[in-house]
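Some notes on the structure that comes next.
The values are calculated or read from the model by the stated rules, or taken from the named source; none is laboratory data. The structure presented is a predicted model; accordingly, all values stated were derived computationally and were not measured. As a convention, Cβ positions derive from the backbone with ideal geometry for all residues, glycine included, and neighbour counts pool all protein chains shown.
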Amino acid sequence: MPLYKNFFFDSETQILVWKITETYQELFSGVVLNMKNRERLNGMKSELHQRGFLSVRKLLQEAGYNDLELYYDAFGKPHLKDDKNISITHSHEFSAIIISNRPVGIDVELHREKIIRIADKFTTAEVAYLNELDVKNYIQKLTVIWGAKEAIFKIQNEKGISFKEHISVLQFELDQLKTIANLNFGNLQKKFNIHFEAIENFTLVYAFEKR
Ligand SMILES: CC(C)(COP(=O)(O)OP(=O)(O)OC[C@H]1O[C@@H](n2cnc3c(N)ncnc32)[C@H](O)[C@@H]1OP(=O)(O)O)[C@@H](O)C(=O)NCCC(=O)NCCS
């Protein structure tokens with residue numbers, strides 16, 4: 001099942017998710033690629049990564065764009081030539097893009113027990129509301145927190161931002177599907193609306209700067 005989800009979050013924001021079940025050839029034959037990205041694709045070591053990359057081009061085409069209308073800046077951040085904001089994510093068999101008039105970030109993450117071992121590297125204030133004893137819930141909440149911080153970083157990628165020191169995700173329950181996060185980095189103080197949902201054994205998270 002290729003296109004997994006395609007919806008308008010609001011009048012100015014579209015979110016598309018792909019479930020990658022196709023072979024490399026099937027994906028490759030269905031997309032346009034600019035020269036730079038052909039080279040990038042050829043240089044990728046894993047076929048999983050290549051299929052993720054190609055599936056993002058399928059999503060772009062579903063949204064009415066193609067690879068020729070996308071470019072990357074020196075930090076690797078993607079942009080659309082029509083000045084709309086875009087953010088991209090891929091993980092294992094899922095990929096997703098978000099396109100909006102507003103600055104946006106998106107992240108898809110697999111639920112993994114391993115996240116417990118690295119929790120201390122990206123959480124500080126969050127510890128106050130996390131319950132380590134409820135393991136399933138703990139893993140899912142950590143995945144939301146991680147995804148929220150990645151999504152914020154994709155909006156505000158500045159050298160020196162630390163997930164642990166500078167971004168905090170406020171208390172939430174998994175069934176609320178949303179929360180708020182704060183970025184406090186030097187003179188920079190921003191709030192973000194965070195939205196999340198489970199997709200099979202993954203979590204999709206997207207962030208908007210709060211108006
Ligand atoms: C760049 C980064 C956000 C990518 O996230 P990821 O989870 O590794 O991978 P994802 O699949 O979700 O996202 C990859 C996409 O992010 C986008 N991206 C890459 N660099 C970016 C940047 N500087 N800003 C915004 N988006 C960026 C690209 O579109 C990329 O996919 P593509 O090159 O195939 O188009 C991440 O690697 C990173 O650097 N994070 C911050 C570092 C950090 O603080 N880590 C945690 C410390 S505990």
Looking at (1) within 13 Å of the ligand (Cβ to nearest atom); (2) surrounded by fewer than 23 Cβ atoms within 10 Å (Cβ to Cβ), can you tell me which one Leu204 breaks?
(2)
Within the bounds of region 83-101, is there any residue that is within 11 Å of the ligand (Cβ to nearest atom) and either in the same structural domain as Phe202 (by TED's automatic domain parsing) or surrounded by fewer than 13 Cβ atoms within 10 Å (Cβ to Cβ) (or both)?
no
Given (1) within 30 Å of Arg211 (Cα to Cα); (2) within 14 Å of the ligand (Cβ to nearest atom); (3) of a type outside the set (S, T, N, Q), number of the condition Ala63 does not satisfy:
(2)
Residue among Asp73, Asp82 that is without any contact (Cβ under 8 Å) to a residue 24 or more places away in the chain and out of contact with any helix residue (DSSP H, G or I) (no Cβ under 8 Å at 6 or more places or on another chain):
Asp73
Sole exception among (1) of a type in the set (Lys, Arg); (2) within 14 Å of the ligand (Cβ to nearest atom); (3) buried (at least 21 other Cβ atoms within 10 Å of the Cβ) for Lys141, by number
(2)
Exactly one condition in (1) surrounded by 15 or more Cβ atoms within 10 Å (Cβ to Cβ); (2) closer than 24 Å to Glu150 by Cα is not met by His79; state its number.
(1)
Tell me whether region 70-81 contains one or more residues that are away from the ligand (no atom under 11 Å from the Cβ) and more than 22 Å from Thr203 (Cβ to Cβ).
yes
Within region 91-140, track down each residue that is within 12 Å of the chain's Cα centre (by Cα) and of a type in the set (Asp, Glu).
Asp107, Glu109
Subset of region 150-175, residues free of Cβ contacts under 8 Å to residues at least 24 places away in the same chain, more than 10 Å from the ligand (Cβ to nearest atom) and not charged (D, E, K, R), comes to Leu170
For the structure I just gave you, tell me whether Lys159 is assigned to a loop (DSSP other than H, G, I, E, B) and farther than 15 Å from Ile194 by Cβ.
yes
Just to be sure before I move on: is Gly147 on the phi > 0 side of the Ramachandran plot and within 10 Å of the ligand (Cβ to nearest atom) in the structure I sent?
no
Which pairs have Cβ atoms under 8 Å, sit 6 or more apart or on different chains, and link a residue in region 43-67 that is free of Cβ contacts under 8 Å to residues at least 12 places away in the same chain to one that is part of a helix (DSSP H, G or I) and crowded, with 19+ Cβ neighbours inside 10 Å?
Met44/Phe53
